[in-house]
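Peer 1: This is the structure I have questions about; it appears just below.
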Amino acid sequence: MPKDRAPTRIQKKNRAAIIEAALNVFSAHGFRGATVDQIAAEAGLSKPNLLYYFPSKEAIHTALLSGLLEVWLAPLHDLDETGDPLQEILSYIHRKLQMSRELPRESRLFANELVQGAPRIHEALSNDLRVLVDEKSKILTHWMDQGKIARLHPHHLIFSIWALTQHYADFDVQVRAILGDEDPFEGAEPFIDTLYRKLLTP
């Protein structure tokens, strides 16, 4: 799409429709399995019209992932060194679980990218994400040194939170097949809360 002038209302609407359609297609089929034709059909646009906004499947996927990373990292950014350690960590856990409930397609899109070796976001993972995790790990370690939470490996503590919360989005079909009509998040929230309260109590 030309960048020398502000987009019109229709252009903004079409771009948003493409991003939403791409989220559905990529989260269902992965990058390799998705096609521009599928995304165009899902968005209700012709293929030439879609290519006016994004020159390739790669460009659409990159735009999606860039926006997703910002959303995904926001709760970790908000971990506040001046807050109550246990409540800060539990708040982060609950926000991550809420994101799995409300943004399952986004979670699966991110997981698919990682399974493929993160070819389109590896640099962001190695730089921005690593810096952020290292920064928050120092805060966790400081709380441990003060005796406010139990002594644990800070990086693996964060990894475990990702694994437990994102599981409910990435393996939604498996979870629901086992639980049947039971809402998995109704049981997940108190279970994970109790687990980390016990784990983190010094």
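The values are calculated or read from the model by the stated rules, or taken from the named source; none is laboratory data. Predicted, not measured: the structure shown is a model, and the values here were computed from it. As a convention, Cβ positions derive from the backbone with ideal geometry for all residues, glycine included, and neighbour counts pool all protein chains shown. For the accessible areas, the whole protein counts, side chains as well, though only heavy atoms, and no ligand, DNA or RNA atoms are used. Shrake-Rupley method; radii C 1.70, N 1.55, O 1.52, S 1.80 Å.
Peer 1: Go through (1) part of a helix (DSSP H, G or I); (2) among the aliphatic types (A, V, I, L, M); (3) surrounded by 15 or more Cβ atoms within 10 Å (Cβ to Cβ) and name the single condition residue 195 misses.
Peer 2: Residue 195 satisfies every listed condition except (3).
Peer 1: List, please: which pairs have Cβ atoms under 7 Å, are six or more places apart or on different chains, and start with a residue in the range 146-159 that is farther than 18 Å from residue 78 by Cβ and end with one that is of a type in the set (A, V, I, L, M, F, W, C) and surrounded by 13 or more Cβ atoms within 10 Å (Cβ to Cβ)?
Peer 2: Once the first residue is farther than 18 Å from residue 78 by Cβ and sits in the range 146-159, its partners that are of a type in the set (A, V, I, L, M, F, W, C) and surrounded by 13 or more Cβ atoms within 10 Å (Cβ to Cβ) give 150/199; 150/200; 151/144; 155/133.
Peer 1: Being in contact with a Lys or Arg (Cβ under 9 Å, 6 or more places away or on another chain), touching a residue at least 24 places away in the same chain (Cβ under 8 Å), of a type outside the set (Phe, Trp, Tyr) and within 30 Å of residue 143 (Cα to Cα) is true for just one of 86, 23, 97, 65. Which residue is that?
Peer 2: Of 86, 23, 97, 65, the one residue that is in contact with a Lys or Arg (Cβ under 9 Å, 6 or more places away or on another chain), touching a residue at least 24 places away in the same chain (Cβ under 8 Å), of a type outside the set (Phe, Trp, Tyr) and within 30 Å of residue 143 (Cα to Cα) is 86.
Peer 1: Considering every residue within the range 105-124, establish whether at least one is of a type outside the set (Gly, Ala, Ser), open to solvent by less than 40 Å² (accessible area, probe 1.4 Å) and under 17 Å from residue 91 (Cα atoms).
Peer 2: Checked the range 105-124: no residue is of a type outside the set (Gly, Ala, Ser), open to solvent by less than 40 Å² (accessible area, probe 1.4 Å) and under 17 Å from residue 91 (Cα atoms).
Peer 1: Could you look through the range 68-83, keep only residues that are touching a residue at least 60 places away in the same chain (Cβ under 8 Å) and within 19 Å of the chain's Cα centre (by Cα), and pick out the one that is nearest to residue 31 (Cα to Cα)?
Peer 2: Here the residue is 69.
Peer 1: Tell me yes or no: at least one residue of the range 161-170 is modelled with pLDDT of 95 or more, open to solvent by less than 10 Å² (accessible area, probe 1.4 Å) and of a type in the set (Ser, Thr, Tyr).
Peer 2: Yes - at least one qualifying residue is present in the range 161-170.
Peer 1: In addition: Just need a number here: residues in the range 175-186 that are surrounded by fewer than 12 Cβ atoms within 10 Å (Cβ to Cβ) and not charged (D, E, K, R).
Peer 2: Total meeting the criteria: 3.
Table: residues versus (1) part of a helix (DSSP H, G or I); (2) of a type in the set (Phe, Trp, Tyr).
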| residue | (1), (2) |
| --- | --- |
| 137 | yes, no |
| 143 | yes, yes |
| 147 | no, no |
| 156 | yes, no |
| 162 | yes, yes |
| 168 | yes, yes |
| 176 | yes, no |
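Peer 1: Continuing with the same structure: Looking at the range 38-57, which of its residues are surrounded by 13 or more Cβ atoms within 10 Å (Cβ to Cβ) and either within 26 Å of the chain's Cα centre (by Cα) or in contact (Cβ under 8 Å) with a residue 40 or more places away in the chain (or both)?
Peer 2: 38, 39, 40, 41, 42, 43, 50, 52, 53, 54, 57
Peer 1: Determine if the range 134-156 includes at least one residue that is open to solvent by 80 Å² or more (accessible area, probe 1.4 Å), touching a helix residue (DSSP H, G or I) at 6+ places or on another chain (Cβ under 6 Å) and either closer than 20 Å to residue 188 by Cβ or β-branched (Val, Ile, Thr) (or both).
Peer 2: no
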